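Taking it in order: structure first as structure tokens, then the write-up.
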Amino acid sequence: MLRTVKPKTARSKRALEKRAPKAVENPKKALFLRGTSCSQVTQDALGDLYALRQVHAKRFQKKNAIHPFEDASSLAFFSEKNDCSLLLFGSSNKKRPHTITFARTFDYKILDMLELCLDGESFRSISQFKTNKVPVGTRPLMVFAGTAFESPVPNGFTMAKSMLIDFFRGETSDKIDVEGLRFVVVVTADEPTSAENSDDPSSKAVLRLRIYTIHTKRSGQKLPRVELEEHGPRIDFRIGRIQEPDEAMLKEAMRKAKTNEERTKKNISTDIMGDKLGRIHMGKLDLSQLQTRKMKGLKRERDVLSGDEADTVVDEAPKRKKADI
């Protein structure tokens, strides 16, 4: 790990302020590494992914004797040295050929890792598709198809979805120009089966990554007609080893900074005239205990009669008229 020293120059001070935590973080940078043994298929896949993320990415060509799931200290060192919070490590061996390991860091410490095994036979690079290439730095649309991505229990597919969103996210913005949407990333997951073996990646469900360019053409209506053309790369993954994030570290990483923005207050709104309106929620009222104006005609003892008095009718004798003298 690097020593934390007090900046002595203005340049070093600016560098430390750039790395300091912010309310709105900078776009995540991705670092591409390769192991001592890395097949050509894995190198081509890393090169194509680097081309899609070239603005916010770095790539090393030298071999590194790193085993991420055995000792990830080297990945943490490269993350802090190059200020990259997302790492992609390519390797290949007899037991696990054509693998790419995605790793995320928080505070320059490994947060979680996911190993994806490539299918070398179905892989197609960008150079094999004769289409117009998307401009560098363009943000894509993302589509995730499959019930495995919506699982309430965290698994390899939900982690892969989170990793790929972080990889293709880019800069955050409040507004998006529709004309700038040039390509779409489609990720499809097969339905998991009960016959899957955790030790054998070839028996697990396939995760398909496809990239398409978007073409808008005239349709004779207000909305244009949209056509998709495959751009590449075409990669089929299978979920390999997984390292879940530590709960305390994940909670700290998900914590949001307090800002000066005014929080929305419940049951308070403003009408078109600018007047503030409030809504009050009251419980059910007991009208029998309501205090009313005291009047003789409203007294209870005069309104309520007993059953005997109600049934008894008293006939009074008519009064005698006075005789005329």
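The values are calculated or read from the model by the stated rules, or taken from the named source; none is laboratory data. For clarity, every value in this text was computed on a predicted model and none was experimentally measured. Because the Cβ atoms are built from the backbone with ideal geometry, glycine has one as well, and the counts that use them run over all protein chains shown. All accessible areas refer to the heavy atoms of the entire protein, side chains included, with ligands and DNA or RNA removed. Shrake-Rupley method; radii C 1.70, N 1.55, O 1.52, S 1.80 Å.
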Exercise for the section: Test CYS38 against the stated conditions and say whether it is in a loop (DSSP other than H, G, I, E, B), open to solvent by less than 40 Å² (accessible area, probe 1.4 Å) and over 24 Å from SER127 (Cα atoms). Expected result: no
Practice task
Hey, can you tell me all the residues within segment 114-140 that are over 27 Å from GLU244 (Cα atoms) and of a type in the set (Asp, Glu)?
Solution key: GLU121
Exercise for the section: Filter segment 156-169 for residues that are surrounded by fewer than 19 Cβ atoms within 10 Å (Cβ to Cβ), without any contact (Cβ under 8 Å) to a residue 60 or more places away in the chain and not aliphatic (A, V, I, L, M) and give the result. Expected result: THR158, SER162
Problem - Residue list for segment 227-255, filter: of a type in the set (D, E, K, R) and out of contact with any Lys or Arg (no Cβ under 8 Å at 6 or more places or on another chain) - result: GLU229, ARG241, GLU244, ASP246, GLU247, LYS251, GLU252, ARG255
Handout entry: In segment 70-81, the residues that are surrounded by 13 or more Cβ atoms within 10 Å (Cβ to Cβ) and not aliphatic (A, V, I, L, M)
Key = SER74, PHE77, PHE78, SER79, GLU80
Practice task
Starting from segment 54-81, keep only residues that are part of a loop (DSSP other than H, G, I, E, B), then list their pairs with residues that are modelled with pLDDT under 90 and among the β-branched types (Val, Ile, Thr) whose Cβ atoms are within a distance under 7 Å, requiring at least 6 positions of separation or different chains.
Solution key: GLN54/VAL136; VAL55/VAL136
Exercise for the section: With the checklist (1) open to solvent by less than 70 Å² (accessible area, probe 1.4 Å); (2) modelled with pLDDT of 85 or more; (3) more than 22 Å from the chain's Cα centre (by Cα) in hand, flag the one item GLY283 doesn't pass. Expected result: (2)
Handout entry: Selection status of LYS8, free of Cβ contacts under 8 Å to residues at least 40 places away in the same chain and either open to solvent by less than 80 Å² (accessible area, probe 1.4 Å) or over 18 Å from GLY120 (Cα atoms) (or both)
Key = yes
Handout entry: segment 178-203, subset open to solvent by 80 Å² or more (accessible area, probe 1.4 Å) and modelled with pLDDT of 80 or more, residue farthest from LYS133 (Cα to Cα)
Key = GLU191
Exercise for the section: Test each condition in (1) under 27 Å from ARG210 (Cβ atoms); (2) hydrophobic (A, V, I, L, M, F, W, C); (3) part of a loop (DSSP other than H, G, I, E, B) for VAL24 and report the one that comes out false. Expected result: (1)
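What about PRO135, is it free of Cβ contacts under 8 Å to residues at least 60 places away in the same chain, out of contact with any Gly (no Cβ under 7 Å at 6 or more places or on another chain) and either open to solvent by 50 Å² or more (accessible area, probe 1.4 Å) or part of a loop (DSSP other than H, G, I, E, B) (or both)?
yes
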Practice task
Output the residues belonging to segment 82-98 that are in a strand (DSSP E or B) and either under 25 Å from the mean Cα position of the chain (by Cα) or under 30 Å from ALA15 (Cα atoms) (or both).
Solution key: LEU86, LEU87, LEU88, PHE89, GLY90
Exercise for the section: Consider ASN93 carefully, then state whether it is more than 20 Å from PRO27 (Cβ to Cβ), modelled with pLDDT under 90 and open to solvent by 40 Å² or more (accessible area, probe 1.4 Å). Expected result: no
Practice task
Considering every residue within segment 141-153, establish whether at least one is surrounded by fewer than 21 Cβ atoms within 10 Å (Cβ to Cβ), out of contact with any Gly (no Cβ under 7 Å at 6 or more places or on another chain) and under 19 Å from HIS56 (Cβ atoms).
Solution key: yes
